[in-house]
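Data first, discussion second: the structure below is written as structure tokens.
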Amino acid sequence: MGDARVEVGPEPLTIDQIVAVARHGAPVALTDESLKAIGAARAHIEELAARSTPVYGVSTGFGALATRHIAPEMRARLQLNIVRSHAAGSGPEVEREVVRALMLLRLRTLASGRTGVQPVTATTLADLLNAGVTPVVHEHGSLGCSGDLAPLAHVALTLIGEGPVRDARGERVPAAEALAAAGIEPVTLGAKEGLALLNGTDGMLGMLALAIADLRRLLTAADLAAAMTVEALLGTDRVFAADLQELRPHPGQAVSAANLRALLAESEIMESHRGPDCTRVQDAYSLRCSPQVNGAARDTLAHAELVASRELAAAIDNPVVLPDGRVESNGNFHGAPIAYVLDFLAIPVADLASMSERRTDRMLDRARSAGLPAFLADDPGVDSGHMIAQYTQAAIVAELKRLAVPASADSIPSSAMQEDHVSMGWGAARKLRVAVDRLAQVIGIEILTAARALDLRRPLRPGPATAAVVAALREHVEGPGPDRHLAPEIAAATALVRDGTLVAAAEAVTGPLS
């Protein structure tokens, strides 16, 4: 479990804080300011609940049943019913880090003082995070409007001591058992709390935050892979010159080109073909246009980060408690803003992988690899080299193209046509998680292949940065030789891409890459 405590108050959380809690187990604590705001809003809700005039979400039913006034003696049952009935997910369990991100983001909205929950409800949610108790949330159930109802309902179910959870050891146990073991008392829900726990975009936003964190690393790794392949294929780095890149002033493109220049600096391989006898005029697009594609992906990621920053500052609930005391119905739970960028990110992920696969294929094709052996095999014909590694890339790229089809362009009405247009943001987030995972595999295969090709260029030496990457990879994967079981080598390279080891090796030479 992480050491640095994350303070949760009305102010937005950062993506790094979400990753720290969701992925690394950092503890959380509600600030004094947030507890004060929660208490004040709760007192107001209880005053409204005591009135004879119906108030939506406080003393009425929900959704298509919003016109029914609920008698005071039935309201506790109403809160239990909405949680139990909405915890209707199905299919495989969602990953622990996603559920923890969802829990943290819901806690942040409760801390805003705009939902009207009891202070004990918020502190108990924080206690669950700190105890490592993770509700079982299922793959299917959210339409992304009103927010992520079913996933959040499974979390609320844990708060009342019902349903299954994973404890800190990862064992699946009843919630009541896990709460008792952690010394946590189940919550007795009061007026409005069922809605306050369920109406949020926290699942899709949590997955967006995690994807952004992963893509920040993978985009740098994509530049690294491109640089190694350009070097291995005796390509030219002249097209990456700053003055050429400035003619098209996209910020991401400038960053990517700067990375490529830094990675290729002082390379003997690059210097070996700079003379007047070099007949190479232009490289293929997959080499020459790497900054344009990788850069456009960066700009798309920057847009997604902007949208995420706005949503992280939001207080999503329906109805919501306003600063002047009004309790108003609204449509802020609709997931469209997040759904669109989740879908948007899946497009450059697919395209980055597609370009990476094309570069890998060039290194394996004797007609296009500038003198490298066919398939980088030790004894072509007897050995297959990396032939089937490219097949694996191609299969993944085909899947990524399917995953790039937008989920948010679809809508299925629900709740007796009250919720007649939904965002499908949860679905967009789920497929983006798969896409990000697959991109790491494709980049890992390209780096694995490029490292082999660079070794085969000996006695010419690669640049210090790319040589450091090859050396880091060689601690886990042997150099060129007769055919070996390739799957473990692909897995090792992919893991080193995911955890940032290979980029860190390059940065030890170049300094920080962007």
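Along Cα→Cβ, 7 Å out, is where each label goes; now give me the distance between the ones at Asp365 and His303 in nm to one decimal.
3.1 nm
If each DSSP helix of 4+ residues adds -39,500 (n - 2.57) and the sum is divided by the residues in the chain, what number results at 222 nm, nearest 500 deg cm²/dmol?
It lands at -18000 deg cm²/dmol.
Between Asp499 and Asp243, what is 0.36 nm times their sequence separation minus the Cα-Cα distance? Round to one decimal in nm.
Here the answer is 88.8 nm.
With a 1.4 Å probe and all protein chains left in place, how much of the accessible area of the range 78-126 comes from carbon and sulfur atoms, in whole percent? Could the numbers behind the result be given before it?
Values: 740 of 1370 Å².
Here it works out to 54 percent.
Would you mind computing, in nm to one decimal, how far apart the modelled labels at Glu185 and Glu328 are, each placed 7 Å from Cα along Cα→Cβ?
3.6 nm
For the chain, what is the charge dipole size about the Cα centre, in debye to the nearest 20, if Lys and Arg each add +1 at the Cβ and Asp and Glu each add -1 at the Cβ?
Magnitude of the dipole: close to 500 debye.
What's the percent breakdown of Cα-Cα distances in the chain across 20 Å bins, shortest bin first?
Final binned percentages: 22, 45, 25, 7, 0.
Let me check the size of the range 154-234 from its C-alpha atoms; what are the radius of gyration and Dmax in Å?
Calculated on Cα positions, Rg and Dmax stand at 21.6, 69 Å.
I want the local charge near Pro164. Using Cβ-Cβ distances under 13 Å, sum +1 for each Lys or Arg and -1 for each Asp or Glu among the other residues. Don't skip to the answer; put the middle values down first.
Numbers: positive: Arg166, Arg172; negative: Glu93, Glu162, Asp167, Glu171, Glu177.
Around Pro164, the surrounding residues sum to -3.
Pulled fully out, how much extra length does the chain show between Ala50 and Met74, if you take 0.36 nm times their separation in residues and subtract their Cα-Cα distance?
7.3 nm
Relative contact order, percent, of the chain when contacts are C-alpha pairs under 8 Å separated by at least 6 residues?
17 percent
How fast does the range 468-512 diffuse by Stokes-Einstein, in µm²/s, taking the Kirkwood radius from C-alpha pairs at 4 °C and 1.567 mPa s?
Translational D for this selection: 116 µm²/s.
What are the extents of the Cα atoms of the range 291-338 along their three principal axes, in Å, largest first?
52, 17, 9
How large, in percent, is the carbon and sulfur part of the accessible surface of the range 200-244 at a probe radius of 1.4 Å?
Numbers: 500 of 840 Å².
Roughly 60 percent of what the probe reaches on the range 200-244 is carbon or sulfur.
Can you pull the one-decimal nm distance between simple spin-label points at Gln418 and Ile388, each 7 Å off the Cα toward Cβ?
Here the modelled spin labels are 5.6 nm apart.
Could you rank Lys401, Lys36 by how accessible they are, 1.4 Å probe, largest area first? Display every interim value, and only then the final one.
Working: Lys401 125, Lys36 160 Å².
Ranked from most to least accessible, the order is Lys36, Lys401.
What does the accessible area per residue of the range 280-388 come to in Å², with a 1.4 Å probe and no ligands, DNA or RNA counted?
Each residue of the range 280-388 exposes 41 Å² on average to a 1.4 Å probe.
Lysines within cross-link reach of Lys401: Cα-Cα under 29 Å, excluding same-chain residues under 8 positions apart?
Answer for Lys401, where 29 Å is the Cα cut-off: Lys431, listed by chain and number.
Roughly how many Å² is the accessible area per residue of the range 400-503, as a whole number, for a 1.4 Å probe?
That works out to 42 Å² for each residue.
Counting only protein heavy atoms and using a 1.4 Å probe, what share of the accessible area of the range 445-488 belongs to carbon plus sulfur, as a whole percent? Could the numbers behind the result be given before it?
Values: 1110 of 1940 Å².
Summing carbon and sulfur atoms, their accessible area is 57 percent of the total for the range 445-488.
Show me 291-304, 147-160, 383-396 ranked by packing, highest mean number of other Cβ atoms within 10 Å first.
Top to bottom by mean Cβ count within 10 Å: 147-160, 291-304, 383-396.
Just the number please: accessible area per residue for the range 144-215, 1.4 Å probe, all protein chains included, in Å².
27 Å²
Mind grabbing the accessible area of Phe344 for me, 1.4 Å probe, Å², rounded to tens?
Roughly 90 Å² of Phe344 is accessible to a 1.4 Å probe.
Using packing as a proxy for protection, rank 249-260, 162-173, 115-126, 219-230 so that the peptide with the highest average count of other Cβ atoms within 10 Å comes first.
219-230, 115-126, 249-260, 162-173
Between Asp483 and Ala176, take the C-beta separation as r, use R0 = 56 Å, and let me know the FRET efficiency to the nearest 0.05.
Details: r = 55 Å, r/R0 = 0.98.
Once rounded, the FRET efficiency stands at 0.55.
Among DSSP beta bridges whose residues both lie in the chain, state the antiparallel percentage, nearest 5.
Counting DSSP beta bridges with both partners in the chain, the antiparallel share is about 70 percent.
Between Ala508 and Asp32, what is 0.36 nm times their sequence separation minus the Cα-Cα distance? Round to one decimal in nm.
167.1 nm
The values are calculated or read from the model by the stated rules, or taken from the named source; none is laboratory data. Model, not experiment: these values are computed from the prediction. Virtual Cβ from ideal backbone geometry, glycine too; neighbours counted across all protein chains shown. These area figures cover heavy atoms from the full protein model, side chains too; ligands, DNA and RNA do not enter into them. Shrake-Rupley method; radii C 1.70, N 1.55, O 1.52, S 1.80 Å.
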